[in-house]
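Since the structure comes first, as structure tokens, the remarks are kept for the end.
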Amino acid sequence: MTQIETSQSDYETTASAVQEKTKLRRHFRRPDMIFFLICTVVTIDTIGAVSSRGAQGFTWLVFLGIFFFLPYGLSIAELGSAFPQEGGPYVWTRLAFGRPLAAVNAVIYWISNPIWVGGTLTIVSFAALQEFFGFSGGDWKYVYALAFIWFTIGTAIVSLQYGKWVPTLGAWARGAVLAFFVFSVILYAAKHGVHGFGGHAFLPTYAIFIAVVPVLIFNYAGLEVPSAAGDEMTNPQRDVPSSVLRSGIATMLAYGIPILAIVIVLPVSQLSGLTGFLDAIKTVFTVYGGHVSADGTATLTGAGLILGRVGAVVFIFALASAGATWIMGADRAEAVASFDGGGPRILGSFSARFGTPVGMNLLSGIVATVLMIGAFQITGGNSSRYFAAVLGLTISTTTISYLFIFPALVKLRYSRPDVDRPYRVPGGMAGAWICSLVPTFWALVATVFLLWPGLGVNWFGAGGNPNDSLAFLSFSHERLQYELSQILPLAVIIVVGVVFYLLGRKTRQQVVTEPIAPVNAPVGDAG
């Protein structure tokens, strides 16, 4: 293939890319992006997993907010405004490291989302039904799971002009659930007191560090997701930095206040990764009607039960909206990879009617559905083990993809220095290196600790047993079973990425060039 790039302001793409981009519509404005980001990053399904680590969960939340989330946000603000094409993370990786690596990485980035939707989101939402409605399951759990999964897919399929309202409502739903929960905690504390612990409980330890870091990295992930719809933004050069900053502040508050409230209200022994947040809601809502037994079990009655059920419905919608936003972004990134020659051409087709990658959306729905059915069958109803295994795989695929997305910032500073950067990470090249390497380091740490839980707990004479960490994952001293649940799927995903790249060979032969930062003229019909 002939290299025909003529300047740093252009990049090589395909005729298919030019064709598909004519179907896009600019419906994405700054307020939409802020709500979209809040809905994407504030993933309330993992609040229980962080809270189950006690006061240290809050300590590490603040620590990583400063030393991961901040440099991560600064890097995305620059990348998203300087390189605002459709496909976002795929395009940045492609420009920095080439199409083959970017194509495989796009598959890893994409597939974490149908795994998440069909796995952790579905099981947490089902747990909410069980907790507050007494839903027993049986064959009906499959009906419910299918409805949950395909609601998220349907939201991604419809035009962004309409689909963006689900993330907007989802952001408000998060605010409503978390604000009312915190208010209820205050009432509960005034009536019953709080779970006491001294300041020493916040002191960090290595054992909790290696257990909670992967979940916290995942909690903070997602700032790049809206940039996957770069050509659908009205003004990405202006709006991306502003949206990242504002949503970042909201995210810190949305995680920090509820998690601190949970660890104050409930002893760690009463919290689990699966239902920790739901347990806390149920306990504090007893102030409106109900009681807590001696063993810590909460029972809601009267107004408490009504409010609990309303809260559960809003909670479930918040989970579904989170899944929808990630599917919208990740499917677009993989669709762009496909019409750029990094995957099967059919997956890079956008609907002329909706301006969305319907083929990719349907594939995500199928993957999520197959995973959900298979997991229900394999686990035999062990929801905690199912939750832990799928959450681990979801996080590891996300953090592995970040190992190549984050370094793109500093690489593009060197390889594309003349590209206009409406926002630049402060501190010159030193700042760019910091904001590339620090998030990459934490992504690597999270990946390693996910693939081998308990790594290093017996270092420095601490005398710990690495296998003890598996108890938190419902794989108590079952190292082989856990490792197989993580490594085998990762190997399959990488193979799929390579196959996808090989299938894009014909598309790659149709070479054209395109400007990196096109003039902000409407794409297609904005109506």
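The values are calculated or read from the model by the stated rules, or taken from the named source; none is laboratory data. Please read all numbers here as calculations on a predicted model, not as lab measurements. Note: ideal-geometry Cβ built from the backbone for every residue, glycine included; neighbour counts use all protein chains shown. The accessibility values were calculated without ligands, DNA or RNA, using every heavy atom of the protein model including side chains. Shrake-Rupley method; radii C 1.70, N 1.55, O 1.52, S 1.80 Å.
With coordinates expressed along the principal axes, the C-alpha atoms belonging to the range 1-110 extend over 57, 30, 23 Å, beginning with the largest.
The Rg/Rh ratio for the range 51-201, using Cα coordinates for both the radius of gyration and the Kirkwood hydrodynamic radius, is 1.04.
Need one value: the accessible area of K141 in square angstrom, 1.4 angstrom probe, rounded to the nearest 10. Probe radius 1.4 Å; accessible area of K141 about 40 Å². Between the Cα long axis of helix 99-116 and the first principal axis of the chain there is an angle of about 30°, rounded to the nearest 10. The long axis of helix 30-41 is offset from the longest Cα principal axis of the chain by roughly 50 degrees. Classification of the range 137-193 by its C-alpha gyration tensor yields an oblate form. The axis ratio a/c (a ≥ b ≥ c) is 1.5 or more, and b/c is at least a/b.
When only alpha carbons are used to place a centre, the range 211-230 and the range 81-149 end up 12 Å from one another. Measuring with a 1.4 angstrom probe and ignoring ligands and nucleic acids, H291 comes out at about 100 Å² accessible. For the chain, the residue among A190, Q509, A17 whose Cα projects farthest onto the positive side of the dipole built from Cβ charges is A17. Rounded to the nearest 20, the Cβ-based charge dipole of the range 1-96 about its Cα centre (Lys and Arg +1, Asp and Glu -1) stands at 340 debye. Between I373 and I346, what FRET efficiency follows from the Cβ-Cβ distance if R0 is 25 Å, with the result rounded to 0.05? About 0.55, to the nearest 0.05. For the set R508, R309, solvent exposure ranked by accessible area (probe 1.4 Å, protein chains only) runs largest to smallest as R309, R508. Would the range 174-249 count as rounded, prolate or oblate if I go by the C-alpha gyration tensor, calling it rounded below 1.5 in a/c and otherwise prolate when a/b exceeds b/c, oblate otherwise? Because a/c hits 1.5 or more and a/b fails to exceed b/c, the range 174-249 counts as oblate. Sparsely packed loop sites in the range 119-180 (the chymotrypsin sites (Phe, Trp or Tyr not before Pro) outside DSSP H, G, I, E and B with at most 16 other Cβ atoms within 10 Å) comprise F135. Between 0 and 90 degrees, rounded to the nearest ten: what's the tilt of helix 383-405 against the longest Cα principal axis of the chain? Around 30 degrees separate the two axes.
With the whole protein complex present, D239 retains an accessible surface near 0 Å², based on a 1.4 Å probe.
Projecting the Cα atoms of V41, P439, L169 onto the dipole axis of the chain, where Lys and Arg carry +1 and Asp and Glu carry -1 at the beta carbon, places L169 farthest toward the positive end.
Overall, the chain carries a charge dipole of about 400 debye about its Cα centre when +1 sits on the Cβ of Lys and Arg and -1 on the Cβ of Asp and Glu, all other atoms neutral.
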